[in-house]
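Read the figures in this text as sums done on the coordinates, not as results from a lab. Predicted model only: the values in this text are computed from it and were never measured. Methodologically, a virtual Cβ is constructed for each residue, glycine included, from the backbone with ideal geometry; neighbour enumeration extends over all protein chains shown.
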Amino acid sequence: MNRRISRRNLLQAFGVSALSGAGGLAAFPGALRADPVRQRDSAARLVDGKIIQPQRELPVLHETDILVVGSGPAGVAAALAARRTTGAKVTLVERYGHLGGQWTGGLVLIVVGMYGKSRVQMTRGIGEEMMRRLTKVHRGIVNYGPGRNPTVDAEALKYVMVEMVVEDEVDVLLHCWGVDAVTDGSKVCGAVFESKSGRQAILAKVVIDATGDGDVYAAANAAYEHIPYHIGLVSRIGNVPHPPPKPPEGAKPPRGLGGITPIEGARWVNMQGPTSDALDVRELSRLELNHRRQIWRQVERLRETPGYEDVYLMETAPQLGVRMSRLLDGVKQLTYKDAQAGTPYPDRIGYSGDWTGTDYEWQIPYGALVPRKVDNILAAGRCISAERRMADLIRVIPPCFVTGHAAGVAAAVSLQDGCLVRDVEVAKVRKILKEQDAYLG
Ligand SMILES: Cc1cc2nc3c(=O)[nH]c(=O)nc-3n(C[C@H](O)[C@H](O)[C@H](O)COP(=O)(O)OP(=O)(O)OC[C@H]3O[C@@H](n4cnc5c(N)ncnc54)[C@H](O)[C@@H]3O)c2cc1C
């Protein structure tokens, strides 16, 4: 007999009440399983006008030797370096669904500050390796070569970074937002993450904070300086004519055409944006809304210019352009005076070239990665210890590679030698960095 299966029969077959939901999702077996987070009765409660979060035990999502939080240029370099140094178990955790941080998600495509005095290339090692690999990828990089500032394609770079972390067997967890540190006395022994799986902890022997914003070291109670700075939003426009049409007699060429990218006709358009607080969610929201309107209108205006009628907005960056937010109070602080005077740092772990048109080169001491008081955690990337003026110079991509690379090696060495990261033998770190093709002068 040809028996027709009604929706009610089907739901009953799965042990699900037909009244349980109007949507198709309710028909999935297990769709009515209680949320493991809710099971612990952890919802915040309104008590006497205050919101109280009950105390609860957190599940451990994962255990690792070295936990790197944030997958920008610094985080990816740190994770690869740590793996390559001793083969330690390394876990790289990122709040978004891709690797690369501002370099990819922020569409900050041009790499500046690779060269120091006499055009010596100071960014080598893992950073250089990434760019070299991009030359092998279709439309991966343009303007790559000695003395130049190359521009990458964000999608090609995301791909290359995935290839590299997979090859080196780094554990990667995406869509996990680091919201707290796990501490044991003065030692950091992991971090707490929020994700679709709920609030969970990852335990680690050493943590590297490469969030750009120092989210983990701040949560661990390391001291820092809170800096408001320019926050923009980068975009890409397409169909930009090349060579540029000649402007009518007496008119200037249009503004907002940005810089070249590896894709013909596509250009990346930077935006400085107003000074604002990157740690204030209302500000971040306000800026996103304003910047998106501004970019759209700017492109519309460009389209009114003769010769540019076919230009269109390809994309706005998925990540807001935060340049600076927290700067660590480190064992050493990079100062402009020292950098300008070329004061030698015996514990230097690399250099940054200048990108503002001078011939300076900046040494970076290991102490700038180490918090003054909190243990077992290193900072890497734009949130290391530097005075504001100096931080503006070393926040660009190449020095973020340099500090990420060094943090990864130092974390691995500390585990191998059974010491705290603040007590690591810097001479050993420098030796390994050289072996891994980093530039140390
Ligand atoms: C608008 C703009 C223009 C710039 N122009 C240039 C330029 O022309 N050339 C140049 O070389 N540099 C430029 N920079 C600077 C450079 O892009 C960044 O400073 C550099 O990418 C910083 O690298 P990072 O790895 O330290 O941090 P980021 O690139 O910021 O990466 C941090 C990563 O951590 C993740 N993260 C953050 N918080 C958490 C959390 N709590 N939990 C989990 N993950 C988290 C982020 O999603 C991100 O992936 C520019 C920056 C901006 C914003």
- Task: Run the dipole for the chain about the Cα centre, Lys and Arg Cβ at +1, Asp and Glu Cβ at -1, nothing else charged, and hand back the magnitude in debye, nearest 20.
- Result: 900 debye
- Message: Taking 22 Å as R0, compute the FRET efficiency from the Cβ-Cβ separation of Ile52 and Asp280 and round it to 0.05.
- Response: 0.35
- Shape box of region 230-322 [Cα atoms, principal axes, largest first, Å]: 46, 29, 17
- Computed [θ] at 222 nm, deg cm²/dmol, the chain (DSSP H ≥ 4; -39,500 (n - 2.57); rounded to nearest 500): -8500 deg cm²/dmol
- For the charge dipole of the chain, defined by +1 on Lys and Arg C-beta atoms and -1 on Asp and Glu C-beta atoms about the Cα centroid, which residue among Val108, Val413, Leu46 has the Cα displaced farthest towards the positive pole? Leu46
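Beyond 32 Å between alpha-carbons counts as too far, so tell me which of Lys136/Lys431; Lys136/Lys187; Lys117/Lys373; Lys337/Lys434; Lys205/Lys431; Lys158/Lys205 fall in that bin. Before the final figure, lay out each step's value.
On the way: Lys136/Lys431 29 Å; Lys136/Lys187 43 Å; Lys117/Lys373 35 Å; Lys337/Lys434 27 Å; Lys205/Lys431 23 Å; Lys158/Lys205 28 Å.
The pairs that break the limit, which is 32 Å between Cα atoms, are Lys136/Lys187; Lys117/Lys373.
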- Query: Based on Cβ point charges of +1 for Lys and Arg and -1 for Asp and Glu, what charge dipole magnitude is obtained for region 230-322 about its Cα centre, in debye rounded to the nearest 20?
  - Reply: 160 debye
- Note on the structure: Given the candidates Leu61, His226, His175, the one whose Cα lies deepest towards the positive end of the charge dipole of the chain, counting +1 at each Lys or Arg C-beta and -1 at each Asp or Glu C-beta, is His175
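Shape call for the chain from the C-alpha gyration tensor, a ≥ b ≥ c root eigenvalues: rounded (a/c under 1.5), prolate (a/b greater than b/c) or oblate?
Values: a/c = 1.81, a/b = 1.16, b/c = 1.57.
Verdict is oblate for the chain.
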- When ranked by the protection proxy of mean other Cβ atoms within 10 Å per residue, highest first, what sequence do the peptides 45-56, 292-303 form? 292-303, 45-56
- Selection from Pro146, Cys189, Pro245 lying farthest towards where the dipole of the chain points positive, charges on Cβ: Pro245
- Item | Burial ranking of peptide ranges 129-141, 101-113 (average Cβ count within 10 Å, highest at the top) | 101-113, 129-141
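Multiplying the sequence separation of Asp184 and Gln294 by 0.36 nm and subtracting their Cα-Cα distance, what value in nm do you get?
Numbers: separation 110, 0.36 × 110 = 39.60 nm, distance 4.71 nm.
Taking Asp184 through Gln294 to full extension adds about 34.9 nm, to one decimal.
Express as a percent, rounded to the nearest 5, the fraction of DSSP beta bridges in the chain (both residues included) that run antiparallel.
On the way: 42 of 62 bridges.
Rounded to the nearest five, the antiparallel share is 70 percent.
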- Is any helix in the chain, taking whole DSSP H runs, at least 18 angstrom long along its axis by alpha carbon and on average at least 0.5 on the Kyte-Doolittle scale, and which ones? 154-167, 397-417
- Two pseudo-spin positions, 7 Å from Cα along C-beta at Thr358 and at Asp437, lie apart in nanometres by 3.1 nm
- Could you rank the peptides 229-240, 378-389, 362-373 by their average count of other C-beta atoms within 10 Å per residue, with the highest value first? 378-389, 362-373, 229-240
